[in-house]
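A.B. asks: Mind looking over this structure? Questions follow.
Each reported figure results from applying straightforward, stated rules to the coordinates on display, with no laboratory input. Nothing here was measured: the structure is a model prediction, and the numbers come from that model. Cβ atoms come from the backbone with ideal geometry, glycine included; neighbour counts cover every protein chain shown.
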Amino acid sequence: MGASVTQTQRTCVGCREVDAVKHLVRIVAVNTACQVDEKGNAAGRGAWIHPNSSCLNRAIRTHGFDRAFRKSGLDCEPVSRWLDNKSSGVDAPELTREKESG
Ligand SMILES: [Zn+2]
């Protein structure tokens, strides 16, 4: 009987394209900041975005998050930091202290 797998789709708040949720990340508003909901199960209203900087920049420029969460002046810094970490690929802890050679 044709077990059709229905893929859940969401609209990216950056480029406004509809895509499968597996290609998107969920963003939630915690107080006045946007946070990445990596598990996709945080409570509350969510916004979806492609995990790349161009979509994030577009979302910021077009106030996509503000619209999605019906808030204004949301801080998207946590999302861009998360994206930076993700795109750098490697865990590069900033705690690496320069040892004094001697
Ligand atoms: Zn997008």
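A.B. asks: Using Cβ contacts closer than 10 Å as the measure, can you line up D75, D84, D66 from fewest to most? Write down the numbers at each step before the final one.
C.D. replies: Working: D75 15, D84 10, D66 19.
The order, fewest Cβ neighbours first, is D84, D75, D66.
A.B. asks: Net charge within 13 Å of K22 by Cβ-Cβ distance, Lys/Arg positive one each and Asp/Glu negative one each, not counting K22 itself?
C.D. replies: Result for the local shell: 0.
A.B. asks: Something else now. Out of every Cα-Cα pair in segment 9-88, what percent are more than 17 Å apart?
C.D. replies: Percent of Cα pairs beyond 17 Å in segment 9-88: 36.
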